[in-house]
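Written below as structure tokens is the structure these notes are about.
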Amino acid sequence: MSEPKRTSPLSASFLLMLVRVGIGWHLAYAGWVKWNDPLWTAAPYLNGAVGPLAPFYHWLASDPRILQVVDLLNVWGLLVLGAALVLGALTRLSAGLG
């Protein structure tokens, strides 16, 4: 049997792995910082939105219960996506979601 051909050189694969780990670290670190800051909230970002979806973002920030869910999803999304990229778990899915 013949050996399968490489579609990219090893150096390109290594470079892409470094980029994947770097982006994953960045996302995980952002989630970690938000998790450890009890005063952090997405409200200023949501209230500052402009454009066609601005009313929806303003609505998200207007109700404290909804805002609490948005904050939690933001933090956990960053942590989970960052960890998945760093570990190489479900890489295509996590890259698409990130």
Worksheet item: Using beta carbons and a limit of 7 Å, which pairs, at least six apart or on different chains, have the first residue in region 28-42 and under 13 Å from G77 (Cβ atoms) and free of Cβ contacts under 8 Å to residues at least 40 places away in the same chain and the second one among the acidic types (D, E) and surrounded by 12 or more Cβ atoms within 10 Å (Cβ to Cβ)?
Response: A42/D71
Worksheet, complete the sentence: If we keep only residues of region 29-54 that are exposed (fewer than 11 other Cβ atoms within 10 Å of the Cβ) and in a helix (DSSP H, G or I), then the residue nearest to the chain's Cα centre (by Cα) is N36
Discussion item. Among the residues in region 87-97, are any small (G, A, S), buried (at least 16 other Cβ atoms within 10 Å of the Cβ) and modelled with pLDDT under 95?
Written reply: yes
Item to complete: Might you check whether a residue that is exposed (fewer than 11 other Cβ atoms within 10 Å of the Cβ) and either of a type in the set (D, E, K, R) or closer than 30 Å to L18 by Cα (or both) occurs anywhere in region 62-85?
Response: yes
Worksheet item: Out of all the residues in region 58-81, is one or more part of a helix (DSSP H, G or I), free of Cβ contacts under 8 Å to residues at least 12 places away in the same chain and among the hydroxyl-bearing types (S, T, Y)?
Response: yes
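The values are calculated or read from the model by the stated rules, or taken from the named source; none is laboratory data. It should be emphasised that the depicted structure is a prediction, and the values quoted were computed from it without experimental measurement. Neighbour counts run over all protein chains shown; Cβ positions are idealised from the backbone, glycine included.
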